[in-house]
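These notes are about the structure you will find just below.
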Amino acid sequence: MEKNGQTILVLDEQGMEIGHTYPKRAKGLVKKCRAEFVSDREIRLCRQCPTYENMEDKEVDKIHYITINPAEWYRSSGSSKTVYDQFVISNPLAEEIPSAETMTEILSVGAWNWDKTSCVTNGFQELTPGQEYHFIFWLNGGENDRSDEICQLRILFLDRAVAPEGMDFPVKELRYRLNRGYIKPLKKFRGWEYYDIPFTAKNTRYTQFQLVADRAPMALMAAEPPEVYRDLEDEPDPFEAYRPQRHNIIFEDGWPVNAWYSTKKLARSAGVARDEAEARRRAGNKEELTDISVDLTGINIDLEEMDKLPGTLEKAFGDIAKGFR
């Protein structure tokens, strides 16, 4: 029986049904000549393929993945001020992942306003009690420069298909903070973060997923199992340690262009510090290098401490570190 988005029927080489998989996974198998399409909703494993029971792909499918389908999400009961939208953008993964479509649909939740807590849900799901599931998705935004936002995933376990009212739920519930590094993403790529949230279904009939945002909009798009992104190289923000908020697709550059933490201004500050270090190096005044500091709008960093900072900083500041060695 198909579930959790696994809508493609998988047949072995004799045409016997052996399971279901995701549409993108099916396309990937066909592209690698490991299967062929029998119809729009069926694939058959090729003869040269290993037996399905021993395939790496089967091991992936044994894990019960659930992901975002923007079209299925709607405003939660009791949250009349909710701001949300579904729209299509160019897929940031299209050039890196063979199975990724050129365009992808996005679920946007929340606004910058102080008085609009937004809460959306995808309805009532019937999951197997005691079974482990993984909720996977790509996330962008969900932070502001005051660090007072709400960016949460809530998983509710209910005995009846009746949504709790309001924001505080007197039910079995799991809450996950998706901001400020509370949960580490598996990947960071061009402003997007890939999350794999494991949980075990409780002994209730229904499970409901909710996304809650306040004072910072977040955007989510569907994800495939982690194996699909194994070879995707991380591309974190080189100025991540200095910015007060994450990349947000609302801004063309990912951050407000006039803010002190815009990429242009941070890069300019880094360039000034690098030039100063180089000038002193050429002048032969190496003894003065410890007096140089990098001014990032109130954040001063002794160059003497550069070796202790993360590798991403060295990438961002180019040859600063080389200037005083």
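How about region 81-92: which of its residues are part of a loop (DSSP other than H, G, I, E, B) and over 17 Å from Phe189 (Cα atoms)? Reasoning before the result, please.
From region 81-92, those part of a loop (DSSP other than H, G, I, E, B) are 81-83, 91-92; that's our starting set.
Correct list: Lys81, Thr82, Val83.
Kindly check whether there is at least one residue in region 43-54 that is among the aliphatic types (A, V, I, L, M), more than 19 Å from Phe199 (Cβ to Cβ) and either modelled with pLDDT under 80 or out of contact with any Lys or Arg (no Cβ under 6 Å at 6 or more places or on another chain) (or both). Lay out the reasoning, then the answer.
Here is the first cut: in region 43-54, the residues among the aliphatic types (A, V, I, L, M) are 43, 45.
After this cut, where a residue has to be more than 19 Å from Phe199 (Cβ to Cβ) as well, the list is 43, 45.
After this cut, where a residue has to be either modelled with pLDDT under 80 or out of contact with any Lys or Arg (no Cβ under 6 Å at 6 or more places or on another chain) (or both) as well, the list is 43, 45.
Checked against the condition, which is being among the aliphatic types (A, V, I, L, M), more than 19 Å from Phe199 (Cβ to Cβ) and either modelled with pLDDT under 80 or out of contact with any Lys or Arg (no Cβ under 6 Å at 6 or more places or on another chain) (or both), region 43-54 yields at least one hit.
So, in region 246-261, exactly how many residues are over 23 Å from Ser90 (Cβ atoms) and touching a residue at least 12 places away in the same chain (Cβ under 8 Å)?
Going residue by residue through region 246-261, those that are over 23 Å from Ser90 (Cβ atoms) are 258-261.
Next cut, touching a residue at least 12 places away in the same chain (Cβ under 8 Å) only: 259-261.
Going through region 246-261 one residue at a time, the tally reaches 3.
Would a scan of region 137-159 turn up a residue that is modelled with pLDDT under 95 and among the β-branched types (Val, Ile, Thr)?
Among the residues of region 137-159, not one is modelled with pLDDT under 95 and among the β-branched types (Val, Ile, Thr), which makes the answer no.
Can you tell me which residue within region 74-106, out of those that are closer than 26 Å to Arg160 by Cβ and surrounded by 19 or more Cβ atoms within 10 Å (Cβ to Cβ), is nearest to the chain's Cα centre (by Cα)? Steps first, answer last, please.
So in region 74-106, the residues closer than 26 Å to Arg160 by Cβ come out as 74-82, 84.
If we keep only those that are surrounded by 19 or more Cβ atoms within 10 Å (Cβ to Cβ) as well, we get 76, 79, 82, 84.
On the way: Ser76: 22, Ser79: 25, Thr82: 22, Tyr84: 18 Å.
Only one residue tops the list, namely Tyr84.
Determine if region 93-100 includes at least one residue that is among the aliphatic types (A, V, I, L, M) and assigned to a strand (DSSP E or B). If you could, list the steps in order and put the result at the bottom.
Looking only at region 93-100, we keep the residues that are among the aliphatic types (A, V, I, L, M), and these are 93-94, 97, 100.
Of the ones still in play, those that are also assigned to a strand (DSSP E or B) are none.
No, region 93-100 contains no residue that is among the aliphatic types (A, V, I, L, M) and assigned to a strand (DSSP E or B).
The values are calculated or read from the model by the stated rules, or taken from the named source; none is laboratory data. Predicted model only: the values in this text are computed from it and were never measured. Cβ coordinates were reconstructed from backbone atoms using ideal geometry, including for glycine residues, and neighbour counts include every protein chain displayed.
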